[in-house]
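Working notes for the structure below.
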Amino acid sequence: MSKDEAVRSIADQIRGCFGSVDLKFALHHSDEERAKQIKTLVKKYALTRDEVDRAIRPVFEQWLNTDYGGFNSNVRGPLSDDPNVVAAKVREMVNSVLNYTHR
């Protein structure tokens, strides 16, 4: 695997590290296992915080702006109609990943 492939793999896997409704990072055992795999890639390929941020931020933005399921909802859509709420949640999610992968 090349460094670019590792970055793409992280982007492909990152949603699996979060609860699909509660959006908590690595809270559940299966989420934590995926987070460990991502951390291994980050360390193995010496990925910087910026490289990881650039890989995962667009994933979270797309998810929370268009594909969030919400509590007790069969309809997918934005986390909130307020872009500031979405942006704050994206920042929180990115920071949780970066703090985990780079400690």
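The values are calculated or read from the model by the stated rules, or taken from the named source; none is laboratory data. The structure displayed is predicted, hence computed values, not measured ones. Heads up, the Cβs are rebuilt from the backbone with ideal geometry, glycines too, and the neighbour counts pull from every protein chain shown.
I want to confirm something. Restricting to the range 52-82 and keeping residues that are β-branched (V, I, T) and at pLDDT 95 or above, which single residue is farthest from R103 (Cα to Cα)?
Restricting attention to the range 52-82, the residues satisfying the condition of being β-branched (V, I, T) are 52, 56, 59, 66, 75.
Still in the running and at pLDDT 95 or above: 52, 56, 59.
Details: V52: 14, I56: 18, V59: 22 Å.
Here the answer is V59.
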Residue list for the range 2-38, filter: of a type in the set (A, V, I, L, M) and either without any contact (Cβ under 8 Å) to a residue 40 or more places away in the chain or closer than 15 Å to R54 by Cα (or both): A6, V7, I10, A11, I14, L27, I38
Residues that are surrounded by 13 or more Cβ atoms within 10 Å (Cβ to Cβ) and of a type in the set (A, V, I, L, M), drawn from the range 27-47: L27, A35, I38, L41, V42, L47
Among the candidates Q13, Q62, residue that is outside any loop (DSSP other than H, G, I, E, B), loosely packed, with under 15 Cβ neighbours inside 10 Å and not basic (K, R): Q62
Residues being at positive phi and either of a type in the set (K, R) or within 16 Å of the chain's Cα centre (by Cα) (or both) - total across the range 46-103: 0
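Just for the range 17-26: of the residues that are hydrophobic (A, V, I, L, M, F, W, C) and closer than 17 Å to Y68 by Cβ, which one is surrounded by the fewest Cβ atoms within 10 Å (Cβ to Cβ)?
Filtering the range 17-26 for residues hydrophobic (A, V, I, L, M, F, W, C) gives 17-18, 21, 23, 25-26.
Still in the list and also closer than 17 Å to Y68 by Cβ: 17-18, 21, 23, 25.
Working: C17: 27, F18: 22, V21: 12, L23: 18, F25: 19.
By that ranking, first place goes to V21.
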